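Peer 1: A single structure is presented below for examination.
Throughout, read-outs are computed from the coordinates displayed, never taken from laboratory work. This is a predicted model, so every value here is computed, not measured. Counting neighbours? That spans all protein chains shown, and the Cβs are built from the backbone with ideal geometry, glycine included.
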Amino acid sequence: MPETIANWADQVRAGDTRAISRAITAIENSDPRAEDLLRELFPSTGRAYLIGVTGAPGTGKSTLVDKLASHYRARGKTVGVIAVDPTSPYTGGAVLGDRIRMQGHATDAGIFIRSMATRGFFGGLARATADAALVLDSAGKQIVLIETVGVGQDEIDVVRLAECTLVLVVPGLGDDVQNMKAGLMEVADIFVLNKAEREGAERLEQQLHAMLELAPISKDGGRGWKPPVIRTTATEGKGIGELADAIQAVREQRQQSGEQRAKIREYWKQRLLVLLETQLLARTLGGDGQRALESLASEVAERKKNPYTAVRELMARAGL
């Protein structure tokens, strides 16, 4: 008998690895069944804690995620990992997706690891990342670690999805001030000074603290939150416990101040707008709408028609 969406959802909720993998693949491939599956799974979401891990390439994000996952597993937490990788120009898949991530966890049923391709989407996150996180949440993963591509200041999208965002910096990557642009300053809930054994770590930490003194501090119920700077040497597992404690402090502080609830509401407001945009585009460009778009684009490019009238024509075609 053909598998029903309800049976599939039951398998995901039971933590079946194959069912979870198939669900995320369906999401990535825009399978028509994916939306029905997510509708079925949504009531059992909202329990996972999402942690974003971002920073420039070479800062050691994958190693840190590996060590954090091990830390949480050692304390009995179930863990999901979504690693967003660059897209292959040939296959459209994750360039690094064929590597064996975190081999030490391969036989651990309490952890699920998935590489995802950005597929040309800027901002550090794949389009399907948010829905993949919902799948892992519904599958009972208590901690979901989201590792972004690592392209620097464009990584701002992670802050909308994650409930706690770690920004990794390391000494010795050229001009240290580049690590502290305004965008990253606003994103970070915690700064992780990784590879802290390197020369220049002390100076970089001082610079971070100096920049934090100058940066505006968000007000959470009348109390300010200043991102701490946690030193780690992820390759040796040093500082991971302190980092996990800092993550827990962020979580507790936001729950007590009420900011967590407000942040989740704002996230879903933005997410609904994205979903609405997607649906409207699909409706507008359905059928021969794509051909109409090409024709109107040519007319606008040749200055035969203005873009505002062209958009109105496309909307009219869709009955909007």
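Peer 1: What is the spin-label model distance, in nm, from residue 264 to residue 305 if the labels are put 7 Å beyond Cα along the C-beta direction?
Peer 2: Rounded to a tenth, the inter-label distance reads 4.6 nm.
Peer 1: Say the cut-off is 22 Å between C-alpha atoms; which of 61/195; 141/238; 61/238 go over it? Let's see the in-between values first.
Peer 2: Values: 61/195 11 Å; 141/238 25 Å; 61/238 14 Å.
Those over the limit are 141/238.
Peer 1: Next question, about the same structure. If packing is taken as the mean number of other Cβ atoms within 10 Å per residue, what is the order of 19-28, 200-209, 138-147, 285-294, highest first?
Peer 2: Top to bottom by mean Cβ count within 10 Å: 138-147, 19-28, 200-209, 285-294.
Peer 1: What per residue convex hull volume, in Å³, do the alpha-carbon atoms of segment 271-317 yield?
Peer 2: Output value, Cα hull per residue: 71 Å³.
Peer 1: Using a Förster distance of 35 angstrom, determine the FRET efficiency expected from the C-beta separation of residue 213 and residue 248, and round it to 0.05.
Peer 2: Numbers: r = 25 Å, r/R0 = 0.70.
Once rounded, the FRET efficiency stands at 0.90.
Peer 1: Counting other C-beta atoms within 10 Å, which of 308, 49, 72, 267 has the fewest, and how do the rest follow?
Peer 2: 308, 267, 49, 72
Peer 1: What ranking do 298, 115 get, fewest neighbouring Cβ atoms within 10 angstrom at the top?
Peer 2: Values: 298 11, 115 19.
Listing 298, 115 from fewest to most nearby Cβ atoms yields 298, 115.
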